[in-house]
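Working notes, beginning with the structure itself.
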Amino acid sequence: MEIDRQAVEKVARLARLALSDDDVAANQRQLSKILEYIDQLNEVDTKGVPPTAQVTGTVNALADDEVRNERRDELPIDAPATDGGSIKVKGVFDG
Amino acid sequence: MSGASRYEAVIGLEIHVQLRTKSKMFCRCDNQADGAKPNELTCPVCLGLPGALPVPNRTAVEWAIKAALALGCAIPDESKFDRKQYFYPDLPKGYQISQYDQPFGGPGTFEFDMVEDGKTVTKQIGITRLHLEEDAGKLTHPKGADYSLVDLNRAGTPLAEIVTEPDLRSPAEAKRFLQELRRLMRYLGISDADMEKGHLRADANISLRKPGEKKLGTKTELKNLNSFRFVERGLAAEIERQTELLDAGKSVDQETRGFDEDGNRTVSQRGKEEAHDYRYFPEPDIPPLEPKALGIKKLVKGLPELPVEVKRRFITEYGLQPDQAELLTDSLDDVEYFEASLKAAMSGKNKINDRTKAAQNISKIAYGIGRQIMTKKMLNSFMELDWPGSYPSVTGVGARYLASGEYTMSTLNPVMERIWEEDLDPEKTLEKEKPQKLGQSDLDKIIDQAIADNPKPAADFKAGNENAKQVIVGAVMKATKGAANAREVAQLVEKKLS
Ligand SMILES: [Zn+2]
C-alpha cells in the first residue's frame with residue numbers, strides 16, 4: 001500500500017511531530033514498506049471468520065478495587081526536568 | 001432576551017463523572033488524589049511505561065453498569081475497551097483507554113421533575129450512551145512561566161461519560177438536568193459529584209432552529225462548563241450569539257467554543273481542535289467484557305429508590321412543597337434523617353398525630369435552624385454537621401415541642417442550637433428551657449407598653465399607614481423574646497389602635 005505525502009504529514013501533525021521535508025520522504029517510504037506486510041495478511045481468506053481483537057478466550061478479567069501501590073517519592077521515569085515532583089514540559093495553554 | 005422566543009434552543013450534554021473508587025481504573029494506585037504530592041500516586045501502568053498491563057477495576061465496571069441501569073439504559077451482552085489516540089502532555093500513553101462502539105450503557109431515558117411557571121413539569125431526556133474511561137493528568141501553568149507542570153496523580157482515575165440526546169430546550173433545563181444527575185450519582189454512591197472539585201464536568205452541544213422546525217441547525221460545542229452557573233450562563237451567552245448571527249442572515253460555524261466568564265460571552269477555541277481523528281482501535285491488553293455475567297440482578301436489587309421517586313413521595317405522602325422536598329432529599333442520608341425525625345416526632349408523650357404537620361415542623365427545623373448552624377460552621381451540607389446517631393430524634397423532639405405550641409421557631413432556635421452543639425438530651429433540655437407561657441393579661445400589658453413607647457408609628461397607623469404597626473409588633477416580639485405569636489400580636493395591636 002502506497003502512503004502519500006499528505007498522509008505522512010497528517011499523521012505527523014496528529015502525533016505532534018515536526019518533520020523536515022527529508023523526514024517526510026523517508027517516512028513515506030518506510031510506512032509504505034510496513035503496510036506492505038498488511039497487504040500480505042490481506043491475502044488470507046477470512047470469509048466466515050468473525051473479526052476479533054482478542055485470541056485468549058478470556059472474558060471479564062477484572063481486579064478487585066483495593067489500593068496496592070504505595071505512594072512513591074520519586075518518579076520511576078527519566079523526566080527531562082521536574083519541579084516539586086511535577087514534570088516540567090514546554091508550555092501548553094488552554095483556551 | 002427575546003431571542004428565546006424567535007428560536008428554539010436544542011441542547012445536548014456530555015458529562016464526565018469521576019467515580020469514587022478506592023483505586024484507579026486500570027491499576028491499583030490510590031484514586032484519592034486530594035492532598036497528595038504531585039506524581040506520588042503513579043505506577044508503570046498509569047505512567048504509560050512499556051510492558052505495563054492495565055487490569056480494569058471491578059467496582060468501577062459494576063458502578064458504570066449501575067449508573068447505566070439507573071438511567072434506564074439497555075445493558076449490552078458484550079462490551080470492550082478501546083484506545084483513543086491523541087497527543088497531549090497530560091496523557092502519558094499517547095492514548096486514552098475508553099470505549100468506542102460497545103459502551104456499557106445503550107440508549108436510555110432520564111426522568112426528573114422541575115418547576116416551570118409555577119407548575120411541576122416532568123422532563124424525559126434521552127440518554128445516548130454511558131461509557132467508562134480513564135482520566136488524564138493535571139496540567140498547571142505557573143504564572144508568567146514559559147513551561148507547564150504535569151501531575152499524573154489523576155491519570156487513570158475512572159470516569160463515567162454520559163451523553164444525552166439533544167432533548168434539552170433551555171439553559172435552565174440543562175442546569176436542572178445536571179443538578180438531578182448529580183443527585184442521582186450521589187444516591188448511587190458512586191461519585192462525590194462535586195462540580196467545584198471537578199468530579200462532574202460538562203460540555204454542551206447547542207444549536208438554534210425556528211419553532212416547529214424539525215431539522216437541526218448547525219451546532220457549536222461549548223467546552224468546560226464546570227459549575228452549574230457556568231452551564232446556565234454559558235449556554236445563555238451562546239444562544240444570544242447564535243441568535244444575533246441568524247438574525248443578521250449569517251450562518252453559525254460548527255466549532256468548539258469556551259465560556260469567558262468576565263466578558264459573559266463565548267469565544268472560539270478553533271485552534272485547539274485540529275481534526276478530531278482519534279483512530280480508535282480495540283485495546284489489545286484488555287480481554288472483552290460480558291456485563292451480564294457480572295451479576296446484573298444483584299446490581300438491580302442494589303439500586304436505591306431513585307431521587308425523582310423519593311421527591312415525589314415526599315410531596316404526596318408528607319404533604320411537603322416541591323422546594324421543601326428538594327432540600328430534604330438532597331442525599332440518601334438526608335432522606336434517612338428526615339424519616340427518622342418523622343418517626344421521633346410522631347411518637348413520645350407529646351407526639352404529633354398529623355403526619356403533614358410533623359413533616360412541616362421537621363422541615364422548618366432542619367432548614368431553619370440546621371441551616372443557620374451550617375452557615376455558622378461554614379458547612380455546605382446539612383449532613384456535614386456530623387450527627388451522632390441519636391440526632392434525628394433531636395429534630396423530631398423539637399418538632400413535637402413546636403407543634404404543642406410550647407415553643408415558637410424563635411424560642412426554639414437558640415435551645416436547639418445548644419442541644420446540637422453541646423450534645424444535650426433534647427427532651428430534658430426542651431422541657432427545662434420552656435419559655436414562660438404568656439398569659440393574655442401579660443401580653444396585653446406588653447402591647448400597651450410597646451404602643452406607649454412608639455407614639456409616632458401608632459399615630460401613623462391610625463392615619464392609615466398599615467405598615468407602621470410592624471414597628472410595634474417588632475417591639476412586642478422583642479420584649480417577649482419571640483415567645484408570642486407574631487400574627488396574633490399583629491391582630492391585637494390592630495384592635496387596640498382602631
Ligand atoms: Zn498507577
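Side notes on the structure shown:
- Residue within segment B:213-223 that is away from every other protein chain (no Cβ under 14 Å) and part of a strand (DSSP E or B) present: yes
- Taking the criterion of being charged (D, E, K, R), part of a loop (DSSP other than H, G, I, E, B) and over 22 Å from A:P51 (Cβ atoms), the only residue of segment B:275-310 that qualifies is B:E305.
- Taken over segment B:201-223, the criterion of being of a type in the set (S, T, N, Q) and buried (at least 18 other Cβ atoms within 10 Å of the Cβ) is satisfied by B:N205, B:S207, B:T220.
- Residue selected from segment B:102-120 under the condition part of a loop (DSSP other than H, G, I, E, B) and modelled with pLDDT of 95 or more, by the criterion farthest from the other protein chains (Cβ to nearest Cβ): B:P107
- Extreme residue, farthest from the other protein chains (Cβ to nearest Cβ), among residues of segment B:31-41 that are more than 9 Å from the ligand (Cβ to nearest atom) and buried (at least 18 other Cβ atoms within 10 Å of the Cβ): B:A33
- Residue in segment B:464-498 that is surrounded by the most Cβ atoms within 10 Å (Cβ to Cβ), counting only those that are polar (S, T, N, Q) and at pLDDT 85 or above: B:Q470
- Out of B:G51, B:G72, sole residue that is within 16 Å of the ligand (Cβ to nearest atom), part of a loop (DSSP other than H, G, I, E, B), away from every other protein chain (no Cβ under 12 Å) and not β-branched (V, I, T): B:G51
- Only a single item in (1) in contact with a Gly (Cβ under 7 Å, 6 or more places away or on another chain); (2) modelled with pLDDT under 85 is not met by B:Y391, and it is number (1).
- Extreme residue, nearest to the ligand (Cβ to nearest atom), among residues of segment B:54-68 that are within 10 Å of chain A (Cβ to nearest Cβ) and among the charged types (D, E, K, R): B:R58
- The C-beta contact set for segment A:2-22 (first residue more than 9 Å from chain B (Cβ to nearest Cβ), second residue in a loop (DSSP other than H, G, I, E, B) and modelled with pLDDT of 90 or more, distance under 6 angstrom, 6+ apart or interchain) comprises A:A12/A:L19.
- The residues listed here are B:T42, B:T21, B:T59; of these, the one that is of a type in the set (S, T, N, Q), in contact (Cβ under 8 Å) with a residue 24 or more places away in the chain, within 26 Å of B:A193 (Cα to Cα) and in contact with a helix residue (DSSP H, G or I) (Cβ under 7 Å, 6 or more places away or on another chain) is B:T21.
- Sole residue being modelled with pLDDT of 95 or more and surrounded by 12 or more Cβ atoms within 10 Å (Cβ to Cβ), chosen from A:A7, A:A63: A:A63
- Looking at B:L53, B:L41, B:L47, B:L19, just one residue is of a type outside the set (D, E, K, R), in contact with a Cys (Cβ under 7 Å, 6 or more places away or on another chain) and under 25 Å from B:K84 (Cβ atoms), and that residue is B:L41.
- Scanning segment B:131-170 for residues that are away from the ligand (no atom under 16 Å from the Cβ) and away from chain A (no Cβ under 14 Å) gives B:H131, B:A160, B:E161, B:I162, B:V163, B:T164, B:E165, B:P166, B:D167, B:L168, B:R169, B:S170.
- The residues of segment B:162-186 that are touching a Ser or Thr at 6+ places or on another chain (Cβ under 8 Å) and at pLDDT 95 or above, listed by number, are B:V163, B:T164, B:E165, B:P166, B:F177, B:M185.
- Residue check, B:P44 surrounded by fewer than 21 Cβ atoms within 10 Å (Cβ to Cβ), within 15 Å of the ligand (Cβ to nearest atom) and more than 10 Å from chain A (Cβ to nearest Cβ): no
- Only one entry in A:L41, A:L62 is closer than 29 Å to B:P287 by Cα and more than 23 Å from the chain's Cα centre (by Cα), namely A:L62.
- In segment B:9-30, of all residues being surrounded by 24 or more Cβ atoms within 10 Å (Cβ to Cβ), part of a loop (DSSP other than H, G, I, E, B) and more than 8 Å from chain A (Cβ to nearest Cβ), the one that is farthest from the ligand (Cβ to nearest atom) corresponds to B:L19.
- Flag if B:R83 is over 15 Å from B:I190 (Cα atoms) and more than 15 Å from the ligand (Cβ to nearest atom): yes
The values are calculated or read from the model by the stated rules, or taken from the named source; none is laboratory data. Being a predicted model, the structure only gives us computed values, none of them experimental. Counting neighbours? That spans all protein chains shown, and the Cβs are built from the backbone with ideal geometry, glycine included.
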